[in-house]
Amino acid sequence: MTLANPEHVLSQNFMEMLMLIHVNIFRNKHLPLPLNQYGLLMVIHTEGPITNNRASEILNISKQQMSSVAERLVKLGYISKALDEADRRRCLLRLTEKGLQVVADQHTYVRNRFNANLSKLTKDEQGQLDSAIDCLKDSIETMFAKQD
């Protein structure tokens with residue numbers, strides 16, 4: 001498929017790269033949780049203590065679905081739910097030690113999988129990949145930087 005607009009080509013290439021990363025690195029059959037539950041763990045890990053409503057916005061799922069995902073994780077001991085001390089009308093979701101361990105285990109798995117396959121590249125290719133990753137991170141940070 002040829003796209004006339006360079007922005008469309010760039011966004012298409014970006015989407016293809018994300019899918020390659022997902023399929024080759026992040027797809028983990030060893031996760032002890034369904035992906036939607038692990039997604040909530042990652043949101044809490046990234047954002048810190050968070051309300052159900054905010055988590056549902058980030059994950060783009062309904063508040064009802066988020067409530068059932070959160071309740072399941074509470075029952076399994078991966079997250080805790082407590083009143084927000086700053087606003088007692090709100091409940092915050094937090095990772096427990098068990099939840100932190102799942103996130104740490106997944107990070108180790110991804111790192112090990114990445115490193116095991118890195119040897120397939122020459123030293124020059126590894127350097128190019130490192131530079132490309134740095135450039136991509138900088139570009140995305142610039143593109144999505146919050147405007148004051």
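The values are calculated or read from the model by the stated rules, or taken from the named source; none is laboratory data. A quick note: this is a predicted structure, and the numbers were derived from the prediction, not measured. Positions of Cβ are backbone-derived with ideal geometry, glycine not excepted, and every protein chain shown enters the neighbour counts.
Evaluated against (1) loosely packed, with under 11 Cβ neighbours inside 10 Å; (2) under 30 Å from residue 14 (Cβ atoms); (3) of a type in the set (Asp, Glu), residue 47 falls short on exactly one condition, (1). Consider the stretch 105-140 and keep the residues that are surrounded by 11 or more Cβ atoms within 10 Å (Cβ to Cβ) and among the acidic types (Asp, Glu). The one that is modelled with the lowest pLDDT is 105. Residue 61 satisfies every condition listed in (1) surrounded by 13 or more Cβ atoms within 10 Å (Cβ to Cβ); (2) under 16 Å from residue 45 (Cα atoms); (3) out of contact with any Lys or Arg (no Cβ under 6 Å at 6 or more places or on another chain); (4) not charged (D, E, K, R) except (2). Quick one: what pairs do we get from the stretch 10-25, first residue surrounded by 10 or more Cβ atoms within 10 Å (Cβ to Cβ) and assigned to a helix (DSSP H, G or I), second charged (D, E, K, R) and at pLDDT 80 or above, C-beta under 9 Å, 6+ apart or different chains? What qualifies is 24/113; 25/113.
Quick grid of which residues meet (1) in contact with a helix residue (DSSP H, G or I) (Cβ under 8 Å, 6 or more places away or on another chain); (2) within 30 Å of residue 132 (Cα to Cα):
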| site | (1), (2) |
| --- | --- |
| 11 | no, yes |
| 18 | no, yes |
| 27 | no, yes |
| 68 | no, no |
| 84 | no, no |
| 89 | no, no |
| 94 | yes, no |
